[in-house]
Amino acid sequence: MLNKTSLILIILLLIISSSVSASTELSISQDKKQHFVAGALVYSLIDRSNINFTPMAGVFIVGLGKEVYDHYTNGTVEEKDFQATILGGLSIKLFKRVF
């Protein structure tokens, strides 16, 4: 289960990201938002579990694994997808350090 702080951060990020208009220069695609949230969730789930595993390593593996999956299933491999996943994990890590 996610801790309260991680859950609040994820909800705030979803609200903020959904309020960005597609017509602005700061437009973020739905796909990148999903990668960001996935990275945040993976970090939080690993961090809260009893698994003896570094959360950022898990985020890295999941992000890379998704791009490898895209490669072998004729999906679109995008470096920015991987970066968005990593940023999602880093945001939770940073948030936890600050608070």
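Only the coordinates and a few stated rules stand behind these numbers; no lab work does. If you're wondering where the values come from, they're calculated on a predicted model, not measured in any experiment. Reconstructed Cβ throughout: ideal geometry from the backbone, glycine too, with neighbour counts over all protein chains shown.
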When Lys96, Lys32, Lys80 are arranged by how many other beta-carbons sit within 10 Å of their Cβ, fewest first, they go Lys80, Lys96, Lys32
Residues Leu64, Leu41 in order from fewest to most other beta-carbon atoms within 10 Å are Leu64, Leu41
Surrounding charge for Ser6, neighbours by C-beta under 12 angstrom, Lys/Arg +1, Asp/Glu -1, total +3
Burial-style ranking of 83-95, 49-61, average other-beta-carbon count within 10 Å with highest first, yields 83-95, 49-61
Classified through the alpha carbon gyration tensor (a ≥ b ≥ c as square roots of its eigenvalues; rounded if a/c is under 1.5, else prolate when a/b is larger than b/c, else oblate), region 43-99 comes out oblate
When Tyr72, Tyr43 are arranged by how many other beta-carbons sit within 10 Å of their Cβ, fewest first, they go Tyr72, Tyr43
